[in-house]
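Here the structure comes first, spelled out in structure tokens, and everything after it is commentary.
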Amino acid sequence: MRRRVLAASALGLAAAGLLVFGGAGLVRVWQMKQEVEGLEREIQLLRSEADRLSRTVDRLREDPALIEQIAREELGMVKGGEKVLKFPSEKR
């Protein structure tokens, strides 16, 4: 009787070990699920960024004032005949 209980316990532990740590074990399934969720979040972020960039491209194609604004603010360009006054930045 005691041998049967011991054998059944050993068999149960071996089966549990295979289930948890085997090739398709619960740990691996959980890891893969976490990876899939992370990739889905990344895909959503990339889609949002692509949408934002697409809207920016559309605005640049349709709005010459935006192009001028970017040229002035980011590239420091000026129109012919304009004078630019630069003031020293305040040091604190």
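Each value in this text was obtained by applying a stated rule to the coordinates, not by laboratory testing. Keep in mind it's a predicted model, so treat the numbers as computed, not measured. A quick note on method: Cβ atoms are made from the backbone with ideal geometry, for glycine too, and the neighbour counts reach across all protein chains shown.
Could you please let me know if Ala65 is in a helix (DSSP H, G or I) and loosely packed, with under 10 Cβ neighbours inside 10 Å? Before the answer, list the steps.
Values: in a helix (DSSP H, G or I): yes; loosely packed, with under 10 Cβ neighbours inside 10 Å: yes.
So Ala65 fits the description; yes.
Scan the range 72-84 and give yes if some residue there is surrounded by 10 or more Cβ atoms within 10 Å (Cβ to Cβ), out of contact with any Pro (no Cβ under 6 Å at 6 or more places or on another chain), free of Cβ contacts under 8 Å to residues at least 24 places away in the same chain and charged (D, E, K, R), otherwise no. Explain how you work it out, then say what you get.
First, the residues of the range 72-84 that are surrounded by 10 or more Cβ atoms within 10 Å (Cβ to Cβ): 72, 77-78.
If we keep only those that are out of contact with any Pro (no Cβ under 6 Å at 6 or more places or on another chain) too, we end up with 72, 77-78.
Still in the list and also free of Cβ contacts under 8 Å to residues at least 24 places away in the same chain: 72, 77-78.
Subset that is charged (D, E, K, R): 72.
Yes, there is a match, as at least one residue in the range 72-84 is surrounded by 10 or more Cβ atoms within 10 Å (Cβ to Cβ), out of contact with any Pro (no Cβ under 6 Å at 6 or more places or on another chain), free of Cβ contacts under 8 Å to residues at least 24 places away in the same chain and charged (D, E, K, R).
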